[in-house]
Each structure stands twice: as structure tokens, then as C-alpha cells.
1. Report the dimensions of segment 129-188 along its three principal axes from the alpha-carbon atoms, largest first, rounded to Å.
2. If you wrap a convex hull around the Cα atoms of the chain, how much volume per residue is inside, in Å³?
3. Can you put 113, 184 in order of Cβ neighbours within 10 angstrom, beginning with the fewest?
4. Tell me the label-point distance for the pair residue 79, residue 168, using the 7 Å Cα-to-Cβ offset, in nm and rounded to one decimal.
5. At a Förster radius of 30 Å, what calculated FRET efficiency corresponds to the Cβ-Cβ distance of residue 23 and residue 160, to the nearest 0.05?
6. Run a plain Debye calculation on segment 57-151 (Cα atoms as equal point scatterers, no solvent) and give log10 I(q)/I(0) at q = 0.20, 0.24 Å⁻¹, rounded to two decimals, same order as the q list.
7. With springs only between Cα atoms under 10 Å, which of 64, 191, 72 fluctuates most in a Gaussian network model of the chain?
8. In the Gaussian network model of the chain, springs joining C-alpha atoms below 10 Å, which of 52, 87, 16 carries the largest mean-square fluctuation?
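The numbers here are math on the coordinates, done by the rules we state, and not lab data. For clarity, every value in this text was computed on a predicted model and none was experimentally measured. Cβ placement follows ideal geometry from the backbone for every residue including glycine, while neighbour counts extend to all protein chains displayed.
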Ligand code: ATP
């Protein structure tokens, strides 16, 4: 089984690229979805978050209020570390479980989509890294548009991640998403034919 780690910056187009890859036949694991799954009520990480941050981070229905938790950890690096010490191992266990199950089923190709694949140091989970790249200006514009953020807020979020130029250096495959969506899809189909169907790993 070949595991491709798909990453990039915030709003660089990972989900859009993953949709194209899924249409071509890849099985996609979304690390953000795993992150939501592991903090559901009843999960150990849910209990640990309440024990650490208190009931103030809960919604009325007992689920974690991600915005409230986000506000705490965004302003406080030590709190962020405490949260990550709870969630990262839980996500790792879930990812390993899902990958083992896919391997057992004889799956050939898996795309593990994770915004912080490199920052979180989980590149060992994947065989190779693909980066969806956009220039800063396009990234800011798309992020502002998608999330309704001011330019200052968009820039702040981008600044909290590893620069895209550095990520691009670590990639075996770079998907350029500065152009239209159809242009990105065309690149992905080309890479698919060369790399996946052709078996070329560069
Ligand atoms: P995040 O990690 O922040 O969730 P992402 O990397 O998965 O983001 P997407 O959600 O795929 O990024 O794309 C960000 C926004 O930009 C979305 O609103 C998407 O529709 C839009 N977008 C993606 N690619 C293009 C493109 N080539 N042209 C125009 N808009 C695009």
C-alpha cells in the first residue's frame, strides 16, 4: 500500500485536490476529520480535554466547542501544547487503525490529507509528501473569501504555519493551485497517469 501525505498551507486547496484524487480512485483519510472524531463525547480525549480546560469548552450538548477551545489555545502556546499532547496521540492511534484496516482490505493507494503533516512531525506515517502550493497573495484572498476573515486575521493564521516555500522544498510532488480549479485538476490527472498508473515514483 502506498500512502501519500497531502499537505499545503491553510486554504491552499488540499480539500479541492483530495476531491479530484478521490474521483480518480484514491482512498482519502482526512486528518481534520480524525481530529474531530477523537474528541467526540465518550472518547478518552474528550474526558482529558474537560479535565484540563474545564466545562467552559463544552457546548450544551456535551460536545467540544471548538471555537472556545481554539480561542484559548490560539492565545496561549503552553495551552496549545497541552491540547496537542492530548489530541495528537489520539489522532495517531486512529490514523494507524484506519491505515491497518485499509492495508488488510488490500487497498493500493491512500491519500492522508493533513494540514500540519510536516509541522506535527508525522511524515513517518506517509511514504511521500505532496504539497498543494499557492502564492501568499492568492492564499490570503481565498482564505478571506472562504472564512470571511479580515486581511489581518488571514495573515495571522498563515503566519502561524510553516511557510509554503519551505513545505514545497520537502515535497516530492508539488501541485500548483495558483490558477483555476480546472487547471489544478488537469495537473493532478497528469501526475496520476505518470506516477500512479505509470508506477513512477521519481
Ligand atoms: P484548509 O486546510 O484551510 O481547510 P484547504 O487547503 O483544504 O483548506 P480548500 O478548502 O480546498 O483548501 O480551498 C480553499 C478555498 O479556496 C475554498 O473556498 C476553495 O473553494 C477555494 N479554491 C481552491 N482552489 C481554487 C482555485 N484553483 N481557484 C479558485 N478557488 C479555489
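1. In descending order, the Cα extents are 32, 25, 14 Å.
2. It is 131 Å³ per residue.
3. Ascending Cβ contact count within 10 Å gives the list 184, 113.
4. Distance between label points: 3.5 nm.
5. FRET efficiency, residue 23 to residue 160: 0.45.
6. Those come out to -1.20, -1.22, one per q.
7. Highest fluctuation among the options: 72.
8. 52
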